[in-house]
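One structure is given below, encoded as structure tokens.
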2 protein chains.
Amino acid sequence: MNTLANDRQVAVREVGLRDGIQSLAPLATEQKLEWFRREAAAGVRAFEITSFVPARVIPQFYDAEQVVAGARAKAQSVLSALVLNDKGARRAIDAGVQSITFVVSASATHSGKNARTTPEEALSAVEALIASLAAMSERPQISGAISTAFGCTYEGKVDPGRVLAMAERLAKAGVDEIGLADTVGFAGPRQVHNLFSNLRKAVGNLPITAHFHDTRGMGMANVLAALEAGVRRFDASLGGVGGCPFAPGATGNIATEDLCFLLEEYGLQSGIDLERLLEARRSLTELLPDEPLHGALSRAGIPRPVALQ
Amino acid sequence: MNTLANDRQVAVREVGLRDGIQSLAPLATEQKLEWFRREAAAGVRAFEITSFVPARVIPQFYDAEQVVAGARAKAQSVLSALVLNDKGARRAIDAGVQSITFVVSASATHSGKNARTTPEEALSAVEALIASLAAMSERPQISGAISTAFGCTYEGKVDPGRVLAMAERLAKAGVDEIGLADTVGFAGPRQVHNLFSNLRKAVGNLPITAHFHDTRGMGMANVLAALEAGVRRFDASLGGVGGCPFAPGATGNIATEDLCFLLEEYGLQSGIDLERLLEARRSLTELLPDEPLHGALSRAGIPRPVALQ
């Protein structure tokens, strides 16, 4: 294992308010902001706070602009938003996010269903966006996120060479970060270690984010494999809420609280208070009373001795 | 990560019929044997099939002798039994098991509650047992299993130096295998990697077994960490059934099916057919209709593409 002597910081980004809730019945803006506020209070410093996609496609994000404005007013956190095309990116910039997650699918079939575009068109759109923003004095960070990077419910295996070629093209276009997402929960730790190790070689010092779903119970093992490959940025969803509506069989993201427990035990610092994070997680049961929550730490609690009987 | 070029075999031992069911209402002998038969048919070659402890302590094991005899008649598998003292070991030998898991607790409090003995007395009992069996032409394998090796619900942290000293003493006594058990689910991957790496140095080429519970969602990450430390033997329970009645808050073992999925993805060979293992897991819901089962693979299935809608 890495000794981590010079690299003890790790970034956790809460994506529950985007990935987690996109399949659910729309929440009120104030409910979303309450979730944000409670989790920010636990020390979470980065949120994928919404998605700028048409409300007819995903009704949940009817209030994307209001959520960004409300969150900016409530806490000092890095707010990012998911976009699938230039139109979404423009809305996100106008709304004032600090970061844009521009998703490109490695699978052509998933790309067509999720974004009504081809991988090639999506890559070109990222290039054009970054070029067009060159004149901005302070443009938002652009993260190039490759979805279905570890497999696709429609296409099955995804060629890692294709993923790496897409990542290199995104890096060349000038993205500030590369993300690889196991959108449908196909990944295992060996594949994760191999792909992130090769990605590191391909994109040099560009920050890398890992986005896992716990569909087959491999979530935490995949986090460990990514850590071993040098990844220090992770997406997760409080209570493991989540699932992509255009990826059949996909279940929730890895649970933020389980992730933070692992990272802390691994000796990394996320700045997140685990007890307060579990409090925020408890409040989710009021916000989402009909939604089954996941994750194990919340059930068992932080390890400590019990009083003798 | 290891390249695994010369070390592709891995041993999976099903402990559901011991650890998994010990807190449940007693099953009929035939039900236990049906579970065994179905899982053996999936290729599982090692079972901790019962425990030789007094039925007044754990009523579930009222039929330990009959279960061993029945399993020996049904399939060619390595049968082991858990024991806590010499009396149990003698019963296990008479019953005809090929392997005895002699448990010694690293925590004195857990040792007292679980085995009504001290760690020192338990170690002495293992030494005396092995010495007394020297004259047997074909004695069963003796595995020295150190429980609460990663923490104790009563005592909290457990000194890894104490665990290693116990392991060295067991090795010197002549055990054929050393096991470390995270009885109460306190362990994280860093601790697992450190302790197993140090154990490997301490006991040379003696086979090492890892026994994890998924209490805090770290089960699969702990497996990966143990693999990285060179461990190639794992305990698990089909459907994640389990929990120690004398370890408050402990939940089930890692799920055998999730473990096998990880091992296969890691490139190791257990000889187990994953599809047939999932079939055996489905039949558990008939055998244990009131028991919540765990594990994720059974929910999502083995990754494969779905037909396009």
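Ranked by Cβ crowding within 10 angstrom, fewest neighbours first, how are B:M136, B:M166, A:M220 ordered?
Taking fewest neighbouring Cβ atoms as first place, the list is B:M136, B:M166, A:M220.
A 20 angstrom limit on the alpha carbon distance is what I want to check against. Which of B:K172/B:K201; A:K113/A:K157; B:K113/B:K172 exceed it?
Distance filter (> 20 Å) returns B:K113/B:K172.
Projected onto the charge dipole of the protein assembly as shown (+1 at Lys/Arg Cβ, -1 at Asp/Glu Cβ, origin at the Cα centre), which of B:L293, B:P26, A:A95 gives the Cα projection farthest towards the positive end?
Comparing the listed Cα positions along the dipole, A:A95 ranks first.
Can you say what percent of the DSSP beta bridges in the protein assembly as shown, counting only those with both residues inside, are antiparallel? Round to 5.
Restricted to the protein assembly as shown, the bridges split so that about 5 percent are antiparallel.
Can you classify the protein assembly as shown as rounded, prolate or oblate using the Cα gyration tensor, where a ≥ b ≥ c are the square roots of its eigenvalues, rounded means a/c under 1.5, and otherwise it's prolate if a/b beats b/c and oblate if not?
The shape class here is prolate.
Placing +1 on the Cβ of each Lys and Arg and -1 on the Cβ of each Asp and Glu in segment B:11-300, which of B:T256, B:S283, B:G174 has its Cα farthest towards the positive end of the resulting dipole?
Looking along the dipole axis, the top candidate is B:G174.
Take every DSSP beta bridge with both residues inside chain B and express the antiparallel ones as a percent of the total, to the nearest 5.
5 percent
About the Cα centre, and with charges only on the beta carbon of Lys, Arg (+1) and Asp, Glu (-1), how big is the dipole of the protein assembly as shown? Nearest 20 debye, please.
In total the dipole reaches around 460 debye.
Taking the label point 7 Å from Cα in the Cβ direction, how far apart in nm is A:G271 from each other copy of itself, listed shortest first?
Ordered by increasing distance: 5.3 nm.
Between the alpha-carbon centers of segment B:272-306 and segment B:122-138, tell me the distance in whole angstrom.
40 Å
If you filter segment A:103-149 for GluC sites (Glu not before Pro), then keep DSSP loop positions with at most 12 other Cβ within 10 Å, what is left?
Values: sites: A:E120, A:E121, A:E127, A:E138; in loops: A:E138.
Hits after loop and neighbour filter: A:E138.
Shortest first, in nm, what separates the label point of A:P54 from those of the same position in the other copies (7 Å along Cα→Cβ)?
7.5
Going by how many other Cβ atoms sit within 10 Å of their own, how do B:S124, A:S132 line up, fewest first? Don't jump to the answer; show the numbers that get you there.
Working: B:S124 16, A:S132 13.
If I rank by nearby Cβ atoms, fewest first, I get A:S132, B:S124.
Where does the charge balance sit around B:E120 when Lys and Arg score +1, Asp and Glu -1, over other residues with C-beta under 14 Å from its C-beta?
Within the 14 Å Cβ shell, the charges total +1.
Just want the ordering: A:T117, B:T215, from fewest to most Cβ atoms lying within 10 Å of their own Cβ.
A:T117, B:T215
For B:D159, place a label point 7 Å out from Cα along the Cα→Cβ vector, do the same in each other copy, and report the separations in nm, one decimal, smallest first.
List, nearest first: 5.9 nm.
Magnitude of the Cβ-charge dipole of chain A, K/R +1 and D/E -1, about the Cα centre, nearest 20 debye?
Computed charge dipole of chain A: roughly 300 debye.
How high is the relative contact order of chain A, in percent, with contacts defined as C-alpha pairs under 8 Å that are six or more residues apart?
Relative CO of chain A lands at 19 percent.
For segment B:11-300, what class follows from the C-alpha gyration tensor (a ≥ b ≥ c being the square roots of its eigenvalues): rounded when a/c is under 1.5, otherwise prolate if a/b is larger than b/c, else oblate?
rounded
No value in this document is a laboratory result; all are computed from the given coordinates. Worth saying up front: this structure is predicted, and the values here are computed from it rather than measured. Using ideal geometry, Cβ is built from the backbone for each residue, glycine included, and neighbour counts are taken over all protein chains shown.
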